[in-house]
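Below is one structure, written out as structure tokens; the observations come after it.
The values are calculated or read from the model by the stated rules, or taken from the named source; none is laboratory data. Bear in mind the structure is a predicted one, so any value in this text is a computation, not a measurement. Here Cβ is always computed from backbone atoms with ideal geometry, including for glycine, and neighbour counts include all displayed protein chains.
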Amino acid sequence: MRAKAGDPPRTMAQKVLAGRADDPSLVGDVTVVKVDQVALSRAPGRALAEASSMGLKKAAVEVAIAYDGNCVTSISDAPDAATTADFVSHGILVGRPGVGFPSAVHLERFASPARLCLTDDPRMGACGGVGMLTVLASPSQLGEALSTGRVTLRPPRSIQVLLSGRVRPFVCARDVALELLRRGVGEAVARVEAKHHAPVVLEFGGPSARLLSVSERAVLASLAPELGAWASVFTSDERTEVYLRDQRRSKAHRALAPDAGAPVDEVIQVDLSAVDPLLRDEQGKVRGVRDLAGKPVNQAILGGDTGATLRDLLAAAALLKSKRVPPRLDLLLAVPTRQMLEVLATEGALADLVATGARLAEPDQRLLLGKLYPPQEGGVSIRTSDPEPATKGQGFIVASAETVAYAVATGSIGDPRGFKRPVRVTVPRTLPTDDVLVAREKRASDGGTKRTLPAVPSPAPWRGTQLLVIATPSANAVITEPTALVCANLDEARAATQLALGSQSVRAVISTMLTSGLVACLSAVGVAALRAEPAALKALAGAKSVSLPPPASDLTMTVSGSKISLEWPAARIEREWAMAGTAQRKTSASSR
């Protein structure tokens, strides 16, 4: 996207939003922008119901798709609230079970440079690797985007990450991503958030960005939620154009780069040649692989979402050729997409991995959520995919595909440079692009019968003081009574947000760290997102319940004899959403 004559220099995020905003200057606290894509995977039926309640006939965006990630089903599973026919009849594509993990599939088949995408899946941030700005949103915001093609967002700030140097043998994009975690990029994001009270976008560039494939860029872009960033985006250049041409989507390409002198709040330099093989241990701490060398491994999972690229899987297959899985180790192969599975089969890599002893796992979203193939109790699991937000460690080790391959070959963790000779991998340019598992139009056999979609939960507006039970977020928590979730860090705040988006019983999230993106998502479902100092959090954690009055910008309360202060960092319109219990405009307007 080129700047027009007279326009001030802009960052990549500003370029994407300014071209779609009612106010291209982006000077207000919030702005209404046009949405290009909507990608659903966590609760697509809820978003469709929200859109239907706003009068949806056909999706008002360039691309709308709902991914069905439940591949493994049992007789006890509840039927889906919305069927494939319900979505396609409203112009929404459906990624059927088996097509792959949503973020990896969307990157291949739909993500486009210089576009704005709204999603309910934080992992979809990986699509920033192709140059698409991908933002997490609440069900009501997604419904509004589907029905009107527009949404209200806060203009972001930007941090620039400049890449230089060239990675050494046995160092993958996953290692570079872990280096960013170790370098404290999340702390820089928190500083900019605290100073400007605006969401932060990580913008990747520098001379070495062009050396990374789009799939490798996606691995780095997927870190945005963990670092507290609203989104991340790479430059769209000739490498992006080649990637889209290989996917037979060359018409989707648009150039995207920041203007010279564009205002950024911080610049972070990363020398790729200085990165060593790294891992993230069970407690979430990034360490060198040599720190855990010799630790026996019981389970290894290759693949997952965008944590392992096609090149990584081909390299792992080559390193493990003619080797055998140790007796006490289970090797699971969760190929990210159907396209990758076909390439692995054609190239013979799949046969090599199966001969090694790998078991094929379907691309079921519950594998990423830790509900399928959980780590063995007392054992060690090593994986290439990122964990979901957790409160007490992630339970497994995250590492690159080559580090996982070394653990499979030896039965214990070690430096992949122990293989001595690196493999040379050539990724095929001719890729299978048949979207047979993407439902695009209603079939005649559906009979044209209209089903009644589930009703949208009634908004839960704030009316007077509420007595809330104090609890901490847990991945498997079932919340049935009005609750305030108390969070000690960003990971817990992210987990609390996911719980709040699926339960009307969560009325408040109180945390030491709340990003602007999380505040917007929580406000849009009627949840008060409140920031607290560590001392106040300690007092709350020791209480069983709290009486919370209607939120205000400055809120002082007495808990267990101690006075505590809470800050409500929501923008004006976000406060209206929270008080009304929804971001739907018709409801918000009637509640003023």
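Of note:
- Each residue in segment 153-205 was checked for being more than 30 Å from residue 416 (Cα to Cα) and among the basic types (Lys, Arg), and 4 pass.
- Filtered by the rule that a residue be surrounded by fewer than 18 Cβ atoms within 10 Å (Cβ to Cβ), in contact with a strand residue (DSSP E or B) (Cβ under 8 Å, 6 or more places away or on another chain) and not polar (S, T, N, Q), segment 158-188 gives 162, 165, 182, 183.
- Residues within segment 320-349 that are outside any loop (DSSP other than H, G, I, E, B) and more than 28 Å from the chain's Cα centre (by Cα), tallied: 5
- Residue match in segment 134-147 (condition: out of contact with any Lys or Arg (no Cβ under 6 Å at 6 or more places or on another chain), surrounded by fewer than 24 Cβ atoms within 10 Å (Cβ to Cβ) and either in a strand (DSSP E or B) or in contact (Cβ under 8 Å) with a residue 12 or more places away in the chain (or both)): yes
- Where helices (runs of 4 or more DSSP H) sit wholly within segment 482-592, those with at least 2 residues that are closer than 29 Å to residue 123 by Cβ and touching a residue at least 60 places away in the same chain (Cβ under 8 Å) occupy 490-502, 516-523, 572-580.
- Residue match in segment 157-178 (condition: part of a loop (DSSP other than H, G, I, E, B), under 20 Å from the mean Cα position of the chain (by Cα) and of a type outside the set (A, V, I, L, M, F, W, C)): no
- Matching residues, segment 515-555, being within 24 Å of residue 198 (Cα to Cα) and hydroxyl-bearing (Ser, Thr, Tyr): 515, 516, 523, 553
- The set of residues in segment 254-276 that are touching a strand residue (DSSP E or B) at 6+ places or on another chain (Cβ under 7 Å) and not charged (D, E, K, R) comprises 255, 256, 258, 264, 267, 268, 269, 270, 272.
- Options 112, 52, 74: the member that is outside any loop (DSSP other than H, G, I, E, B), farther than 25 Å from residue 529 by Cα and not aromatic (Phe, Trp, Tyr): 52
- Filter pass, residue 68 being surrounded by fewer than 21 Cβ atoms within 10 Å (Cβ to Cβ) and among the charged types (D, E, K, R): no
- Exclusive hit being at pLDDT 95 or above and buried (at least 22 other Cβ atoms within 10 Å of the Cβ), set 360, 319: 319
- Qualifying position, being farther than 23 Å from residue 179 by Cβ, free of Cβ contacts under 8 Å to residues at least 60 places away in the same chain and surrounded by fewer than 24 Cβ atoms within 10 Å (Cβ to Cβ), among 366, 328, 324: 324
- Residues being within 18 Å of residue 471 (Cα to Cα) and within 32 Å of the chain's Cα centre (by Cα) - total across segment 547-571: 2
- Of all the criteria given as (1) more than 16 Å from the chain's Cα centre (by Cα); (2) assigned to a loop (DSSP other than H, G, I, E, B), the one not satisfied by residue 87 is (2).
- Number of residues in segment 249-278 that are closer than 26 Å to residue 16 by Cβ and either assigned to a strand (DSSP E or B) or small (Gly, Ala, Ser) (or both) equals 13.
- Matching option when the condition is in contact with a Pro (Cβ under 8 Å, 6 or more places away or on another chain), in contact (Cβ under 8 Å) with a residue 24 or more places away in the chain and of a type in the set (Asp, Glu), among 276, 281, 259, 265: 259
- The residues listed here are 32, 38, 88; of these, the one that is under 25 Å from residue 437 (Cα atoms), among the aliphatic types (A, V, I, L, M) and surrounded by fewer than 19 Cβ atoms within 10 Å (Cβ to Cβ) is 88.
- When residue 404 is tested against (1) under 25 Å from residue 492 (Cα atoms); (2) touching a residue at least 12 places away in the same chain (Cβ under 8 Å), exactly one condition is not met: (1).
- Residue that is surrounded by the most Cβ atoms within 10 Å (Cβ to Cβ) [pool: residues in segment 232-246 that are under 21 Å from the mean Cα position of the chain (by Cα) and not aromatic (Phe, Trp, Tyr)]: 233
- Restricting segment 98-108 to residues that are surrounded by 18 or more Cβ atoms within 10 Å (Cβ to Cβ) and either touching an Asp or Glu at 6+ places or on another chain (Cβ under 7 Å) or free of Cβ contacts under 8 Å to residues at least 60 places away in the same chain (or both), the residue that is farthest from residue 36 (Cα to Cα) is 101.
- Screening residue 575 on (1) under 25 Å from residue 119 (Cβ atoms); (2) buried (at least 21 other Cβ atoms within 10 Å of the Cβ); (3) at pLDDT 90 or above; (4) under 27 Å from the mean Cα position of the chain (by Cα) shows it passes everything except condition (2).
Let's see how each residue does on (1) within 23 Å of residue 368 (Cα to Cα); (2) more than 23 Å from the chain's Cα centre (by Cα):
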position: 213; (1), (2): no, no
position: 220; (1), (2): yes, no
position: 230; (1), (2): yes, no
position: 248; (1), (2): no, yes
position: 259; (1), (2): no, yes
position: 283; (1), (2): yes, no
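- Taken over segment 131-157, the criterion of being over 23 Å from residue 386 (Cβ atoms) and either β-branched (Val, Ile, Thr) or in contact with a helix residue (DSSP H, G or I) (Cβ under 6 Å, 6 or more places away or on another chain) (or both) is satisfied by 139, 140, 143, 146, 147, 148, 151, 152, 154, 157.
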